[in-house]
Protein chains: 2
Amino acid sequence: MAPLAPKTGDAVFASVDRVNAELFTLTYGAMVRQLLTDLEEVDEVNKQLDQMGYNIGVRLIDEFLAKSNVSRCVDFKETADVIAKVGFKMFLGITASVTSWDAEGTSFSLVLEDNPLVDFVELPDTCQGLHYCNILSGVLRGALEMVSMKTEVTWVRDMLHGDDAYELRVKLLKQVPEEYPYKDDE
Amino acid sequence: MAPLAPKTGDAVFASVDRVNAELFTLTYGAMVRQLLTDLEEVDEVNKQLDQMGYNIGVRLIDEFLAKSNVSRCVDFKETADVIAKVGFKMFLGITASVTSWDAEGTSFSLVLEDNPLVDFVELPDTCQGLHYCNILSGVLRGALEMVSMKTEVTWVRDMLHGDDAYELRVKLLKQVPEEYPYKDDE
């Protein structure tokens, strides 16, 4: 049987169960507020959001692969495009632009066209070090690790801190080679 | 200008921004897990989820009124139907059944036809007192309070605890009368 053709981001997004974005935004906001209360240190909250995102990404990759029909990407460039055009669309209903590749082709930026996590959010002065959307970087890191790419994902621009866009930097640290089931006697 | 006709739940749900339900489910799960770690006592987690939900409901009622074109309900029965058919649809993409009215018409049950919050969830033995979906009861309580109805909302059946459905009991405690801007000299 021929493999199924990969779906566009819009087609995948239309095919998955969805909930109201404002409910998600407010629930996420309540969670960040709770973490700030409980952990007190902004750095700890950043770490915790990243870890939560990682755990979520490790799970979401299965739905992504099952629903998108995306097969193994030939290189990191294709991976970047799939994240930007299919991944973000499928989960948040937005797309991102891939920009600023380095010369080696091992790191790129994702500039988000919209960001449903931050509707209604303003950071008080006490939270200037907070990466409010750190769950997203964690999700990416977790999901990519499940498909053999160890990455570092960091925020380089953040509109909540006065920048003109949301920009995530994704750096490939290590690509774990596939292990094939070679026969012992060969 | 004639008032706009109220929209069906499906029409409203189609008109709002949405995100992937699995992302929401996993994020909510991460939040509950975090609360269990930080607060330790299941009763405290129940309270905190209810309070978070209340704060969210207080905000969501605005989107609900703006997007649904629902106007003032003539009585508590109509309120119940609007919650079940429009409210749940608009936010979670599901509907609920209204059942088990008491003789006075001041309390009813909402039986959920589906519950996206609990996908993949199993409660360990240490969490038998946990009302995992308590954010929902809080949302209802908060939203209703904003339209002058003080209510008590409790879980009476919960499939995570082995029941055959999710059932919320909504009891009207007090209907705060509207205050009209009477002229001082009348």
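The values are calculated or read from the model by the stated rules, or taken from the named source; none is laboratory data. Since this is a predicted model, take the numbers as computed values, not measurements. Cβ sites come from the backbone with ideal geometry, for glycine too, and all protein chains shown count toward neighbours. Note: accessible area is taken over every heavy atom of the protein model, side chains too, but ligands, DNA and RNA are not part of it. Shrake-Rupley method; radii C 1.70, N 1.55, O 1.52, S 1.80 Å.
Couple of notes before you dig in:
- The residue that is most open to solvent (accessible area, probe 1.4 Å), among those in segment A:120-160 that are touching a Ser or Thr at 6+ places or on another chain (Cβ under 6 Å) and farther than 18 Å from A:LYS89 by Cβ, is A:ARG141.
- Checklist (1) more than 11 Å from chain A (Cβ to nearest Cβ); (2) surrounded by 15 or more Cβ atoms within 10 Å (Cβ to Cβ); (3) in a helix (DSSP H, G or I) applied to B:ASP43, failing item: (2)
- First in segment B:122-150 and within 14 Å of chain A (Cβ to nearest Cβ) and free of Cβ contacts under 8 Å to residues at least 60 places away in the same chain, second anywhere and open to solvent by less than 50 Å² (accessible area, probe 1.4 Å) and outside any helix (DSSP H, G or I), Cβ under 6 Å, 6 or more apart: none
- Members of segment B:22-40 that are outside any helix (DSSP H, G or I) and among the basic types (Lys, Arg): none
- Of the set (1) out of contact with any Pro (no Cβ under 9 Å at 6 or more places or on another chain); (2) touching a residue at least 24 places away in the same chain (Cβ under 8 Å); (3) crowded, with 18+ Cβ neighbours inside 10 Å, all apply to A:GLN51 but (3).
- Check on A:VAL12, outside any helix (DSSP H, G or I) and within 10 Å of chain B (Cβ to nearest Cβ): no
- Residues that are open to solvent by 30 Å² or more (accessible area, probe 1.4 Å) and free of Cβ contacts under 8 Å to residues at least 60 places away in the same chain, drawn from segment A:161-174: A:HIS161, A:GLY162, A:ASP163, A:ASP164, A:LEU173, A:LYS174
- Flag if B:LYS150 is under 29 Å from B:ALA11 (Cα atoms), charged (D, E, K, R) and in contact with a Leu (Cβ under 7 Å, 6 or more places away or on another chain): yes
- When A:GLY129, A:GLY162, A:GLY105, A:GLY93 are screened for being within 14 Å of the chain's Cα centre (by Cα) and of a type outside the set (Val, Ile, Thr), only A:GLY93 passes.
- Restricting B:THR79, B:THR37, B:THR27 to residues that are open to solvent by 40 Å² or more (accessible area, probe 1.4 Å), out of contact with any strand residue (DSSP E or B) (no Cβ under 6 Å at 6 or more places or on another chain) and of a type in the set (Val, Ile, Thr) narrows the list to B:THR37.
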